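Encoded as structure tokens, the structure appears first; notes follow it.
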Amino acid sequence: MTKAPFASIRFAPPAVDVERRADGAQVLRSPQKLAPYARCLGEHLERWAGEAPERIFLAERAGVGWRRLTYGEALAEARAVGAALLARGLSAERPAMVLSDNAIDHALLMLGAMHVGVPVAPISPAYSLMSKDYAKVRAIAGLLQPGLVYTADGAKFAGVLSAVDFGGAEIVVGANPPEGLKATAFADLRLTPGAEVDRAFATIGPDSMAKFLFTSGSTGEPKGVINTQRMLCSNQQAIRQVWPFLAETPPVIVDWLPWNHTFGANHNFNMVLANGGTLYIDDGKPVPGLIEKTVANLREVSPTIYFNVPRGFDALIPFLEKDAALRKSFFRDLQMIFYAAAALPQNLWEKLEDLSVQERGKRTVMVSAWGATETAPMVTTVHFEIDRAGVIGLPAPGTELKLVPNENKLELRVRGPNVTPGYWKQPDLTRAAFDEEGFYRIGDAGRFADPHEPAKGIEFDGRIAEDFKLMSGVWVHVGALRVKALALLAPVAQDIVVTGHDREEIGFLVFANPAGCRGLCPDLAADAPLGQVLADARVVDHVRQAMVRLKQEGGGSSTYAARALLMAEPPSIDANEITDKGYINQRAVLARRAALVDVLHAEPPDAAVIGI
């Protein structure tokens, strides 16, 4: 059957130069040279405050309406905040630390700090609100030695503010000062800017530190990734060169993705700023009770680009399917749908295409990109039409991508102006992160979508460290298997961890989706314990049949699981099993739940194990 055409959008032509080396390595580069880019992000703010001072830059929910901030207002506010930070002596050695969610005041602190050369460090609110021991916040504060700590709601964050030693840093709150702690109101964090702000702004260069973003490996030890102005500004220039439509239509986005992550901050927030667009800060999240806020926002605001992670699309699609008004608003001005941070299951891709065709008679272009916190973030991006999930695009202008043979895969390494100079105060980690040519070792693998036509793009091929061998010596490609299994196990599985290293067969540790599982058992009481729901024959049979279908697709023992175990306990953020974007850390789960792995693979099988 012929598919509906794509809606039109203007991309740069797909092209790539490939250098093939004698040792089997290949280096990929865009033939398009990187054009000159801004000295710092503040130049973008000053530009749009001059060219379009009345245009809305940021908006956030304020009761039933929206609080809006224009570019002209944003620049004035950022300068006033910057003056206050200079007066307090903040610097790279005494940066600003932010504990709160996305909000206009958070943005003003971030913009104000960077405007005068003070790095800002946004920290995942989950480390303060979902954590029980505040260990990550304590470690980050010890590494940063902040001069100022900001939170929007002092009462909400009172626990972490009281428990963690911030080294005498000034506490600044937007509202509700915490009892027993001296705090400054954010409204007072403004001074009349003078020549000192202009002098500080003039001294910022491409290598000035803009922010610290924190990432953790499977050990959970925080790493402060230095983000320079060069990284952020060169990345935005590269994006504009491969997506020229951004210059024609300033982007309008509705976005929840957190600013303590590179996706929401460096890619999305900075893209709006660099192109004079408008960002509606979405106060929802892809979880029950909060996804409804996202839906309400999307009913009112029609984005031109929609960004999300796969879990976010999974939560949103049921509302799009049943709500005609939402569907109309969502697709009305939509030029492109973008997913990243994890692989998008093909069933979600097809549902989005079907919804687009249903609403507008055409498929909305869907794309992805690939990168890391250490790469600002974009290394590769899709700037051509693709028909399926998995393709991560081609190298951006100015970025070199090296493919190095590693066992049975091609390891991806990156070099370019968008790559971090290293980790703050962690020189050993910095040295280990780069190879002898200065390429950053990102830890991912890739392959050509078509080995005979490199311009068709690179496909993501999983994490090097996640793949393993069965006892038979056959490699298991965890990333690809996980995506296929998630599609088949829907709606029971929220996520899957693949097991079987040095064992005879593959197993699945399944993080259950409580709502999806209860939906298969409508006659059970609403307050029935989750353990009872997971043991229900209808849920168990759904999992077993999905596993059978996966096996029937063929490919041998490395392409299906022979056993599965449903887990009622959700992934732990304290144990680093999950990020606040919903990305599962496979290695951390396997380490923390080693006893469950043993149960899963025990002989004879445990009664709770679902086998085929």
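The numbers here are math on the coordinates, done by the rules we state, and not lab data. As the structure is a prediction and not an experimental result, all values here were calculated from the model. A quick note on method: Cβ atoms are made from the backbone with ideal geometry, for glycine too, and the neighbour counts reach across all protein chains shown.
For a quick check: sort 132, 293 by the number of other beta carbons within 10 angstrom, fewest at the front. Numbers along the way, then the final one.
Working: 132 9, 293 15.
Ordered from fewest to most neighbouring Cβ atoms within 10 Å, 132, 293 come out as 132, 293.
Report the Cα centroid-to-centroid distance between region 27-61 and region 202-263 in angstrom, as an integer.
When both Cα centres are located, 11 Å separates them.
Share of antiparallel DSSP beta bridges in region 71-204, in percent to the nearest 5? Kindly include the intermediate steps, with their values, before the conclusion.
On the way: 1 of 14 bridges.
Rounded to the nearest five, the antiparallel share is 5 percent.
Against the longest principal axis of the chain, how steep is helix 478-489, in degrees 0 to 90 to the nearest 10, with axes from Cα atoms?
The angle comes out near 70 degrees.
Arranged from highest to lowest average of other beta-carbon atoms within 10 Å per residue, in what order do the peptides 264-277, 81-94 appear?
Values: 264-277: 22.6, 81-94: 19.4.
Packing proxy ranking, top to bottom: 264-277, 81-94.
Which log10 I(q)/I(0) values, to two decimals, does region 451-597 give at q = 0.10, 0.19 Å⁻¹ under the Debye formula with one point per Cα?
Debye intensities relative to I(0), on a log10 scale: -0.37, -1.19.
Calculate one ³J(HN,Hα) per residue across region 46-55 by plugging θ = phi - 60° into the Karplus curve 6.51 cos²θ - 1.76 cosθ + 1.60, and present them in order as whole Hz with x for glycine and proline.
5, 4, 6, 5, x, 7, 9, x, 8, 5
Please state the charge dipole magnitude for region 141-215, taken about the Cα centre, from unit charges on C-beta atoms (+1 on K and R, -1 on D and E), reported in debye and rounded to the nearest 20.
Values: 5 positive and 8 negative charges, 17 e Å.
The calculated dipole for region 141-215 is roughly 80 debye.
To check my understanding: the extent here is largest minus smallest coordinate of the Cα atoms along each principal axis. What are those three numbers for the chain, in Å, largest first?
74, 58, 54
Roughly speaking, what is the centre-to-centre gap between region 321-382 and region 383-431 when only Cα atoms are used, to the nearest Å?
With region 321-382 and region 383-431 each reduced to a Cα centre, they are spaced 23 Å.
Give the residue from 570, 533, 313 lying farthest towards the positive end of the charge dipole for the chain; charges sit on Cβ (+1 for Lys and Arg, -1 for Asp and Glu) and the dipole is referred to the Cα centre.
Positive-end residue among those listed: 313.
Working from Cα positions, state the angle (0 to 90°, nearest 10) between the long axis of helix 135-144 and the longest principal axis of the chain.
Once rounded, the angle reads 40 degrees.
With charges only on Cβ, +1 for K and R and -1 for D and E, what is the dipole size of the chain about its Cα centre, in debye, rounded to 20?
On the way: 63 positive and 70 negative charges, 138 e Å.
Approximately 660 debye in magnitude.
Sort 167-177, 493-503, 98-108 by the packing proxy (mean of other Cβ within 10 Å over each peptide's residues), most packed first.
On the way: 167-177: 17.9, 493-503: 21.4, 98-108: 23.3.
Going from most to least packed, we get 98-108, 493-503, 167-177.
With no solvent and one point on each alpha carbon, what is the Debye value of log10 I(q)/I(0) for region 353-496 at q = 0.20, 0.21 Å⁻¹?
-1.29, -1.34
Find, to one decimal place in angstroms, the Kirkwood hydrodynamic radius of region 357-428, where the mean of 1/r is taken over every pair of different Cα atoms and then inverted.
Working: mean 1/r = 0.0690 Å⁻¹.
After inverting the pairwise mean of 1/r, the radius is 14.5 Å.
For residue 351, go through the lysines and keep the ones whose alpha-carbon is under 16 Å away, minus same-chain ones fewer than eight residues off.
3, 322, 328, 362, 484
When only alpha-carbon atoms are used, what values of Rg and Dmax, in angstrom, describe region 238-370?
Over region 238-370's Cα set, Rg and Dmax evaluate to 13.8, 39 Å.
Residue 33: which lysines have alpha carbons under 22 Å from its alpha carbon, excluding same-chain residues fewer than 8 sequence positions away?
402, 456
Evaluated at 20 °C with a viscosity of 1.002 mPa s, what Stokes-Einstein diffusion coefficient in µm²/s does region 462-521 have when Rh comes from the Kirkwood expression over alpha-carbon pairs?
174 µm²/s
Could you give the distance between the Cα centres of region 134-181 and region 63-126, to the whole Å?
With region 134-181 and region 63-126 each reduced to a Cα centre, they are spaced 16 Å.
In whole percent, what relative contact order does region 468-611 give with Cα contacts below 8 Å and a gap of six or more residues? It would help to have the intermediate numbers written out before the result.
On the way: 215 pairs, mean separation 35.6, N = 144.
In percent, rounded to a whole number, it is 25.
If the cut-off is 16 Å between C-alpha atoms, which lysines fall inside it for residue 211, apart from same-chain ones fewer than 8 positions away?
Residue 211 reaches 223, 425.
Considering amide H positions built from the backbone, and no H for Pro or chain starts, which residues 5 or more places from residue 55, or on another chain, come under 5 Å of its amide H?
Residues meeting the amide H criterion: 71, 72.
Spelling out what I want: for every residue of region 550-556, take phi, set θ = phi - 60°, compute 6.51 cos²θ - 1.76 cosθ + 1.60 (Karplus), and round to whole Hz; glycine and proline get x.
5, 5, 5, 5, x, x, x
With just the Cα atoms of region 330-395, tell me how far they stretch along each of the three principal axes, in Å, largest first.
39, 24, 18
Give or take rounding to whole Å, what are the principal axis extents of the alpha carbon atoms in region 71-204, in descending order?
44, 27, 24
Any idea what the relative contact order of region 64-191 is, in percent, if you count C-alpha pairs under 8 Å spaced at least 6 apart?
Across region 64-191, relative contact order equals 26 percent.
What percent do you get for the relative contact order of the chain when only Cα pairs under 8 Å and 6+ apart count? Provide the component values of the computation, followed by the final result.
Details: 1282 pairs, mean separation 78.1, N = 612.
Answer for the chain is 13 percent.
Taking the chain as the reference, fit the longest principal axis to its C-alpha atoms, fit the long axis of helix 71-87 to the helix C-alpha atoms, and give the angle between the two in degrees, 0 to 90, nearest 10.
Long axis of 71-87 versus the principal axis of the chain: about 80 degrees.
Given the peptides 56-63, 253-260, arrange them by the average over their residues of other C-beta atoms within 10 Å, most packed first.
Values: 56-63: 18.0, 253-260: 23.9.
The peptides rank, most packed first, as 253-260, 56-63.
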